[in-house]
Structures are given as C-alpha cells and as structure tokens.
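Here is the structure we will look at, set down as structure tokens.
What follows is calculated from the coordinates using simple rules that are stated; it is not laboratory data. From a predicted model like this one, the values you see are computed outputs, not experimental measurements. Ideal geometry is used to build each Cβ from the backbone, glycine not excepted, and the neighbour counts take in all protein chains shown.
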Amino acid sequence: MPAFLSDEWFNTVDQLTAEAGDLNLPPALQSLALNMVVGNADGSNTELALDGGKIQKGLADNAKTTLNMDADTLRKVFLEFDMNAAMQAFMTGQIKVQGDMSQLMALQTAQPSAEQKALFKKVLENTN
C-alpha cells in the first residue's frame with residue numbers, strides 16, 4: 001500500500017477515481033473546489049485539491065479557499081469523513097482557512113453521495 005500523500009498514493013487515487021466513474025454528487029459538492037496545503041513532518045508541504053468531489057495532486061485554479069493542516073487531520077476529515085474531528089481541528093487552529101469561508105459551509109452541509117463514500121473508502125483501504 002502506498003504511503004499517504006506520496007506520488008504512488010496520488011497515482012492510486014487517480015486510478016480508483018477513474019474506476020469509480022460518476023460520483024453522483026449533490027450540486028454543492030459538484031461545484032466545490034478547495035485547495036489544501038498539508039504540512040509534513042519533515043517541514044515540507046504537499047499541495048492537493050478537492051475539486052468536484054475528487055482528490056487531485058496540486059492546487060486547483062478554480063478554488064477560492066485554501067485549507068492548511070497536517071496529514072493526520074486531512075486523513076480524518078476528508079478520507080474518514082469525521083466531522084467531529086474537523087470541528088475540533090478548526091476550533092483549535094489545526095485547520096487554518098484562507099479565502100472564501102462560504103466554501104466550508106457548503107462542505108459542512110452537503111452530504112457525500114454513496115458513490116463518493118465508496119470511492120473514499122477504497123482510497124482509505126489503499127492508504128498506508
């Protein structure tokens with residue numbers, strides 16, 4: 001299994017996303033683009049985006065919001081859909097937001113589709 005946020009991991013995510021096909025997303029998630037900058041233990045950063053319900057390596061040009069966080073927080077919030085962890089991380093400053101906060105509100109209220117949940121479950125199963 002590839003290490004979380006490694007190039008091999010992003011390749012696996014791309015493959016699983018292609019195999020998943022249509023994610024049947026609600027409109028709020030279909031149009032949502034969030035950039036994420038993840039601080040790594042070695043002091044470097046990994047840049048990725050959640051764009052149209054899909055994880056992609058690098059930043060999305062159409063994103064109006066950037067979230068800064070560590071890898072553990074990213075994993076809990078975006079792969080495990082742990083909204084309690086998201087709220088706690090935001091309140092304690094583990095998630096820092098730059099840009100349009102309304103994008104986060106859309107993320108908070110929109111429910112992922114069964115197809116998106118299944119995709120993210122497969123991603124999590126293929127993550128070390």
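Past the 24 angstrom mark, what percentage of all C-alpha to C-alpha distances in the chain do you count? The proportion of pairs with Cα distances above 24 Å equals 20 percent.
Estimated at 0.36 nm per residue, the fully extended path between Asp61 and Ala110 surpasses their Cα-Cα distance by 15.4 nm. For Thr73, neighbours were defined as the other residues whose beta-carbon sits under 14 Å from its Cβ, and their charges (Lys and Arg +1, Asp and Glu -1) total -1.
Could you list the residues of the stretch 1-27 with an amide nitrogen less than 17 Å from a label point located 7 Å from the Cα of Asp82 in the Cα-to-C-beta direction? Under cut-off, by backbone N: 4-5.
Once the Cα-Cα distance is subtracted from the 0.36 nm per residue extended length, the Ala71 to Leu124 segment shows a gain of 17.8 nm. Within a straight-line Cα-Cα reach of under 14 Å, Lys96 can be paired with the following aspartates and glutamates, leaving aside sequence neighbours fewer than 8 residues apart in one chain: Asp70. Fully extending the segment from Asn11 to Ser44, taken as 0.36 nm per residue of separation minus the present Cα-Cα distance, adds 9.9 nm.
Shown here for the stretch 25-114: chymotrypsin sites (Phe, Trp or Tyr not before Pro) in loop regions (DSSP other than H, G, I, E, B) with at most 10 other Cβ atoms within 10 Å, of which there are none. Computed 3J(HN,Hα) for the stretch 68-85, one whole-Hz value per residue from the Karplus formula 6.51 cos²θ - 1.76 cosθ + 1.60 where θ = phi - 60°, is 10, 7, 8, 5, 4, 5, 4, 4, 5, 6, 9, 9, 9, 6, 8, 6, 5, 5, glycine and proline marked x.
Computing FRET efficiency as 1/(1 + (r/R0)^6) for Val37 and Lys117, where r is the C-beta to C-beta distance and R0 is 25 Å, gives about 0.50. Of the trypsin sites (Lys or Arg not before Pro) found in the stretch 37-98, the ones in coil according to DSSP and having at most 16 other Cβ atoms within 10 Å of their Cβ are Lys64.
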